[in-house]
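Since the structure comes first, as C-alpha cells, the remarks are kept for the end.
The values are calculated or read from the model by the stated rules, or taken from the named source; none is laboratory data. In this text, all values refer to a predicted model and were calculated from it rather than measured experimentally. Side chains are part of the model used for accessible areas, which takes the heavy atoms of the whole protein and leaves out ligands, DNA and RNA. Shrake-Rupley method; radii C 1.70, N 1.55, O 1.52, S 1.80 Å.
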Amino acid sequence: MSLTNRILVAMAAGIVLGSGIELLLGSLSPESRVAGVINDYLIFGLFDVLGRIFIASLKLLVVPLVMVSLICGMTSLGSSARMGAIAGRTIGLYLLTTCVAVSLGLLGATLLGPGNGLSIEAASAYQAKTPPPLTDVLVNIFPSNPFSAMAKGEMLQVIVFALLVGFALTRAGEAGQRIASWFRDMEVVVMRMVGVMIELAPWGVFALLVKLFATMGFSTIANLAAYFLTLSGLLIFHGIVVYSLLLKTTTGLNPGLLRAKMRRVWAFAFSTASSGATLPITLRTVETRLGVPKSVAGFAVPLGATINMDGTAIMQGVATVFIAQVYGIDLTGSQLLMVILTATLASIGTAAVPGVGLITLSLVLTQAGLPVEGIALIIGVDRLLDMIRTAVNVTGDATVATIVAYKEGQLDVAVYNDPDADHDADQPAANATTGSPTSPTEKPAVSMEKS
Ligand code: ASP
C-alpha cells in the first residue's frame, strides 16, 4: 500500500476507534474501573503521548526547514528584484483569497441562516481572551535576535531573517557561494528528516485521531448541527471549487492533480489542526510533487502557513453572522465591510496552531460591534471544524505557491502533470535510508517557461 493510502487508512481507523471509545465511555459510569483504565492508560496515556511526540517531531523540523529552503530559494534566484515580484504577487494573492473566503462565509451564512430561531444559552459564561493588537503584529515581523526568533518559533521573524541572509549571500562573492552550497547540502539533509517523519505519519495520525475523537463530545455537534453543516459545507466548497477555479483560470493547469497530491497534506492538517506543524509536509509536497521551485515555495509556503488562513476567515464570517442571528441583530453594510477587513487582517495575526482562529474572532466581533460572549455558543464544536479549516488553510498556501511559480515561468509543469511525481517518497522506507539517487531533492532544478 502506498504511504498516502496508509496514512488515510490510519486516519479512518483512528476516527472509528476514537468514536467507538467515546460511545463506550458514554455507556459506562465515569467511576467504573474500565472507564478509568481506558482514560488513564489509553486516551490520556498511550495515544496522548504518541500524538504529542508526533506533533513535537513535526514542529522540530519547521525552523530548520524554513531557514534552509528560503536561503536556498534566494540564492538560486540570484536577484532580489525577482524576489520582490514574487513577494508582491504572493502577498496580493493571499489577501485576495482571504477576502473572497470571508465574503463567502458571510454570504453563505446569511443565505442559509444557521442561527435563525436559536436562543441564547451559555453565552454569558464566555470569558473573552484579548486578541493581539494589530500594531504589535506588524512590529513583531522584524526580529531583534535571530536565535530568539528561532527558539520561539516566530515564523515571520525567521522568514525576514532568512531573506536577509539569502540576500547577503548573493552579494558576498565567493564566501557567499561557499556558504550557499553548505545550505544546499543542509537542505538535502533536512528534507531527508522530513521523509523519515512522513514514514512515521500513519502511527502519529492514528494516535492523534483516536484521542481527539474519544474526547470530542459529539452531543454538542448535534445541538449546533446547522452551524456545523453550514461551515463545513462552505469550507469544503472553498477548498475544492474556489481554489480549482482560481488555479484553472489563472494557469490552465488541471486542479484535480493538485487535489490528488494534497491528500497526504490534508491528512496531516486534519489530524494536527495546525498549519505550522503541517508545514514540513506542505513544503515538501509543493516542491517535489507540484513542481514549484524552492525560490517560490521556500518563500510562499512558510509565509502562507503564517499569514494565509482562508479556512479561518470563512469560519469567522460564518460565526459572525451566526452570532448576530442568535442575538437577533441585523448586520448593516458597514458592519459587513468591517468584518471583511478585520477578518482578513486577523488571518495574518492568527498563529498556525489549533484554536487560535477563535481567539482572533473576538477581534472581528469587537470591531463589528457584536457581543464577544457569542463565542461561547460555538466553542464546543470548534475542534473538529478547526481540523477541517486547517486543511483549507494549507490548500490555499499550496494553490497560491503553484500559481505564483507558474506566473513567474518557473513551475516545472512536467512534475505538476506527472501524477506519480516524487513517487519514491510515497513508497515504504527502503530508499529513505539508502539515499536513492532519484531523490527529488537531488534532482537538478528544471524550470519551464510558461507558454
Ligand atoms: N488551526 C488553524 C491553523 O493552524 C488556525 C485556526 O483557525 O485556529 O491553520
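At what distance in angstrom do the alpha carbon centres of the stretch 331-367 and the stretch 310-326 lie from each other?
So the separation of the two Cα centres works out to 9 Å.
Got a number for the accessible area of residue 22? Probe 1.4 Å, square angstrom, nearest 10.
We get 40 Å² for residue 22.
Quick one, can you get me the convex hull of the C-alpha atoms of the stretch 279-386 expressed as volume per residue in Å³?
102 Å³
Just to make sure I understand: if all protein chains stay in place, what is the order of 275, 29 by accessible area at 1.4 Å, largest first?
29, 275
Taking only protein heavy atoms into account and a 1.4 Å probe, give the accessible area per residue of the chain in Å².
41 Å²
If you roll a 1.4 angstrom probe over the protein chains with everything in place, what fraction of the accessible area of the stretch 263-413 belongs to carbon and sulfur, to the nearest %?
Using a 1.4 Å probe with all protein chains present, the stretch 263-413 comes out at 65 percent carbon and sulfur.
Do any of 59/211; 248/407; 152/211 go past 24 Å between their Cα atoms, and which?
Pairs exceeding 24 Å: 152/211.
Taking only DSSP H segments of four or more residues, each worth -39500 (n - 2.57), what value at 222 nm results for the chain once the sum is divided by all its residues, to the nearest 500 deg cm²/dmol?
Computed ellipticity for the chain at 222 nm equals -23500 deg cm²/dmol.
Quick one: pull the percent of accessible area on the stretch 1-115 belonging to carbon and sulfur, 1.4 Å probe, ligands and nucleic acids left out.
72 percent
Tell me, what ³J(HN,Hα) does each residue in the stretch 282-288 have, in order and in whole Hz, if you take phi through Karplus 6.51 cos²θ - 1.76 cosθ + 1.60 with θ = phi - 60° and put x for Gly and Pro?
Karplus-based 3J(HN,Hα) across the stretch 282-288 equals 4, 4, 4, 5, 4, 6, 8 Hz.
Apply the Karplus parameterisation 6.51 cos²θ - 1.76 cosθ + 1.60, with θ equal to phi minus 60°, to every residue of the stretch 203-212 and state each ³J(HN,Hα) to the nearest whole Hz, in sequence, with x for glycine and proline.
Couplings: 5, x, 4, 4, 4, 4, 6, 4, 5, 4 Hz.
Restricting things to Cα coordinates, could you compute the convex hull volume per residue of the stretch 136-197 in Å³?
Residue-normalised Cα hull volume stands at 100 Å³.
First compute the accessible area of the stretch 154-216 with a 1.4 Å probe, then give the percent of it belonging to carbon and sulfur atoms.
Carbon-and-sulfur percentage of accessible area, whole number: 68.
So if I take the alpha carbon set of the chain, get Rg, then get Rh from the Kirkwood formula, what is the Rg over Rh ratio?
On the Cα set of the chain, Rg over Rh gives 0.98.
Radius of gyration and Dmax for the stretch 352-392's Cα atoms, expressed in Å?
Expressed in Å, the Cα Rg and Dmax of the stretch 352-392 come to 10.7, 30.
So what does the Cα-only Debye profile of the stretch 21-64 read at q = 0.22, 0.23, 0.31, 0.32 Å⁻¹, as log10 I(q)/I(0), no solvent term?
-0.71, -0.74, -1.00, -1.02
Hey, what do the phi angles of the stretch 14-22 turn into as Karplus ³J(HN,Hα) couplings, whole Hz, using 6.51/-1.76/1.60 and θ = phi - 60°, x for Gly and Pro?
x, 5, 5, 5, x, 5, x, 5, 4
With Kirkwood's inverse mean 1/r over C-alpha pairs for Rh, give me the Rg to Rh ratio of the stretch 199-266, two decimals please.
Radius of gyration relative to Kirkwood radius: 1.11.
Fully extended, how many nm does the chain gain between residue 29 and residue 41 (0.36 nm per residue separation, minus their Cα-Cα distance)?
2.6 nm
Just how much of residue 44 is accessible, in Å², when a 1.4 Å probe is used and the result is rounded to the nearest 10?
Only protein atoms counted, so the area is about 110 Å².
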